[in-house]
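Read through the structure below, which is laid out as structure tokens, and then see the notes.
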Amino acid sequence: MRMSLRTGWPIFLITAFCFFSAVAVRCASVEDYKSRLGRARTEVESLLSDLRDDTFDEPKTQDAVRRIRRLVPESEKIEFDATAIETSNGWLSAELSSLEKETGGAGRKQILTGILDRLASIESRVIEIEAASAASGTKDADKQKLNEILSRAEYQKPAEQGESLFQRFVNWLLDLLRRLFPRPEMGSVNPQGFQALSVVIQVLVYGVIIGLIVYLVYKFAPALAARFSRSRKGAQTSRVVLGERIDESVSSSDLFSEAEQLARQGDIRSAIRKGYIALICDLADRNIIRLARHKTNRDYLADVAKRTSLLTHIRPATGSFERFWYGSHAPLVSDWEEFKNRYHSAIREI
């Protein structure tokens, strides 16, 4: 009995070693499995090519079927990431059996086409699994590479910058207010109450000063901006009033002086036109109307329609201009004197 035990242990160990070796052999790699799928697909494509060329050979078909069965067995284990995956390709064995039983060329072509499509699909899936495995294997390397990139100087958090220009102005203003209005010394009597009162007083003083600054800006900024705008505009462009181009350097009084010169020369019609243009320019200089090259005398008259007192003088002056410039009436010296009185009355009313 002892001899049988002694001789039995080695036999048991050898049997176990052979068993586990067989298991290890049956576990194929993903790369090997993918390669065999490709070879099986080539065999199927060859059979399909024979069918298309009408060169169907039965012995060749039987040999190809046996090779496909060996390449892709019904079940086997594939090693993937230290794990054995059980495959199930019984469908292929069933399709090959149907192929062997089928005698018609159309039927065999349909079976082979189905096998080819399914093998290609399985092969694509194996390629995806292989790519995923490779990607997961390089995940740590990618993470390390990313950390190296992020550690470069250009990806570091920029150093904190100093105060902006606006912040420096605010701090300067607050410091000036503190120097102008220092915190009063309240002594030691009820310091908490006096401290609260001092804060309230400072807030009120600051509020009054800031309000005064805002009021001054609101009051004078538009006028300064308008004057600056007019000065820039005058340096770059000229005015066009009723089709006549007038340089910005020429004032309304200069225009009226030209009108009086024309009247002394006897050209009353041109004098009334020049005087009316001078009146329009004077109204524009006083921001009562706005000049535009497309405006007519009626447009300018409509601009002052809401100012009744001024309209009583502008309307007759406009009528004289229309009657003697656009009409056929020849103006007299008395017509010029009447227009001149209307002009001065309008200027005084402004």
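Quick rundown of the values:
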read-out: Condition met for residue 285 (farther than 30 Å from residue 223 by Cα and in contact with a helix residue (DSSP H, G or I) (Cβ under 8 Å, 6 or more places away or on another chain)); value: no
read-out: Index of the failed condition, residue 196 passing every other in (1) assigned to a helix (DSSP H, G or I); (2) at pLDDT below 60; value: (2)
read-out: Condition broken by residue 96, with the remaining ones in (1) surrounded by 11 or more Cβ atoms within 10 Å (Cβ to Cβ); (2) in a helix (DSSP H, G or I); (3) modelled with pLDDT under 70; (4) not charged (D, E, K, R) satisfied; value: (3)
read-out: Candidates 177, 119 - the one that is modelled with pLDDT of 80 or more and either assigned to a loop (DSSP other than H, G, I, E, B) or surrounded by 13 or more Cβ atoms within 10 Å (Cβ to Cβ) (or both); value: 119
read-out: Verdict on residue 267 being modelled with pLDDT of 90 or more and charged (D, E, K, R); value: yes
read-out: Filter pass, residue 276 being outside any loop (DSSP other than H, G, I, E, B), under 15 Å from residue 242 (Cα atoms) and in contact (Cβ under 8 Å) with a residue 40 or more places away in the chain; value: yes
read-out: Residue in the range 122-131 that is out of contact with any strand residue (DSSP E or B) (no Cβ under 6 Å at 6 or more places or on another chain) and at pLDDT 85 or above present; value: yes
read-out: Neighbours by Cβ (under 8 Å, 6+ apart or cross-chain): first from the range 119-131, assigned by TED's automatic domain parsing to the domain that holds residue 40; second of a type in the set (Lys, Arg) and assigned to a helix (DSSP H, G or I); value: 119/41; 120/41; 123/34; 123/41; 126/34; 127/34; 130/34
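The values are calculated or read from the model by the stated rules, or taken from the named source; none is laboratory data. Note that the structure is a prediction, hence the values are computed from the model and not measured. No Cβ is skipped: glycine too gets one built from the backbone with ideal geometry, and neighbour counts run over all protein chains shown.
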